[in-house]
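Student: The structure's right below; bear with me while I get my questions together.
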Amino acid sequence: MNHDSYDDAYIRSILSEVRSVAVVGASPNPARPSFFVVKYLVNKGYRVFPVNPGQAGGEIFGQLVHARLADIGEPVDMVDIFRASDAVPPIVDEALALIPLPQVIWMQLTVRNDAAAAKAEATGLRVVMNRCPKIEYARLCGEIGWNGVNSRVLSSKKPTMRGGFQSYGLKRKD
């Protein structure tokens with residue numbers, strides 16, 4: 001797969017099918033981007049599992065923090081990685097040891113590891129690199145346009161009101 005650009009349909013399918021997300025590298029600091037992503041995803045109805053060994057046992061935006069992916073104890077649909085690119089391979093290995101396997105490995109903005117991506121894809125997982133699920137979700141449902149940002153999504157359809165702390169959302173498969 002070409003990881004330099006993604007079709008909107010690919011990103012939309014991931015964000016609409018995923019129900020639970022493990023955020024590896026989540027921070028309890030409200031000024032950190034990983035905190036914003038946890039908060040946003042929780043408010044959009046996702047089940048979020050923060051993973052940070054230094055914060056294990058604590059809470060981030062009301063969610064129990066786990067030391068590692070294996071400690072979560074229930075299936076996770078997506079692993080969102082907020083760590084440096086060179087830290088990705090062992091996280092992907094840990095994700096590939098989960099039963100059942102997650103559906104998606106997502107690497108945050110500036111995070112890219114092609115070898116780890118290829119390994120995950122070889123087992124059937126979908127991979128996204130150098131993207132933020134919060135930004136992509138907001139872009140695809142029109143919320144990011146509220147700030148004057150070009151969402152690259154044009155539609156003559158009236159947006160559908162959905163639940164969450166912001167009024168628009170993606171259509172989700174139930």
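Student: Only one of (1) surrounded by fewer than 18 Cβ atoms within 10 Å (Cβ to Cβ); (2) among the charged types (D, E, K, R); (3) under 19 Å from G124 (Cβ atoms) is not met by R32, so which one is it?
Tutor: Here R32 clears every test but (3).
Student: Follow-up question, since we're still on this one. Within the group V37, V21, which residue is within 16 Å of L125 (Cα to Cα), buried (at least 16 other Cβ atoms within 10 Å of the Cβ) and in contact with a helix residue (DSSP H, G or I) (Cβ under 8 Å, 6 or more places away or on another chain)?
Tutor: When all the criteria are applied, what remains is V21.
Student: Quick one: is V42 within 24 Å of A84 (Cβ to Cβ), under 12 Å from the mean Cα position of the chain (by Cα) and either of a type outside the set (G, A, S) or surrounded by fewer than 13 Cβ atoms within 10 Å (Cβ to Cβ) (or both)?
Tutor: For V42, the condition - within 24 Å of A84 (Cβ to Cβ), under 12 Å from the mean Cα position of the chain (by Cα) and either of a type outside the set (G, A, S) or surrounded by fewer than 13 Cβ atoms within 10 Å (Cβ to Cβ) (or both) - is not met.
Student: Could you grab me the full set of residues in segment 32-57 that are more than 22 Å from V111 (Cα to Cα) and touching a Leu at 6+ places or on another chain (Cβ under 8 Å)?
Tutor: Listed by number, the list holds a single entry, G57.
Student: Right, next: In segment 59-112, which residues are polar (S, T, N, Q) and surrounded by 16 or more Cβ atoms within 10 Å (Cβ to Cβ)?
Tutor: Within segment 59-112, Q63, S85, Q103, Q108 meet the criteria.
Student: Which condition number in (1) surrounded by fewer than 15 Cβ atoms within 10 Å (Cβ to Cβ); (2) more than 19 Å from R126 (Cβ to Cβ) is the one that Y10 fails?
Tutor: Here Y10 clears every test but (2).
Student: Which residue, of R83, R112, is within 20 Å of S5 (Cα to Cα), among the basic types (K, R) and touching a residue at least 12 places away in the same chain (Cβ under 8 Å)?
Tutor: Matching residue, one of R83, R112: R112.
Student: Sticking with this one: What are the residues in segment 48-58 that are aliphatic (A, V, I, L, M) and surrounded by 18 or more Cβ atoms within 10 Å (Cβ to Cβ), if any?
Tutor: V48, V51
Student: Mind listing whichever residues of segment 1-36 are within 11 Å of the chain's Cα centre (by Cα) and closer than 19 Å to R68 by Cβ?
Tutor: S20, V21, A22, V23, V24, S34
Quick note: the coordinates plus some simple rules give every number you see, no bench work behind them. All values derive from a computational prediction rather than experimental measurement. Quick reminder, even Gly has a Cβ in these numbers, built from the backbone with ideal geometry, and neighbours come from all protein chains shown.
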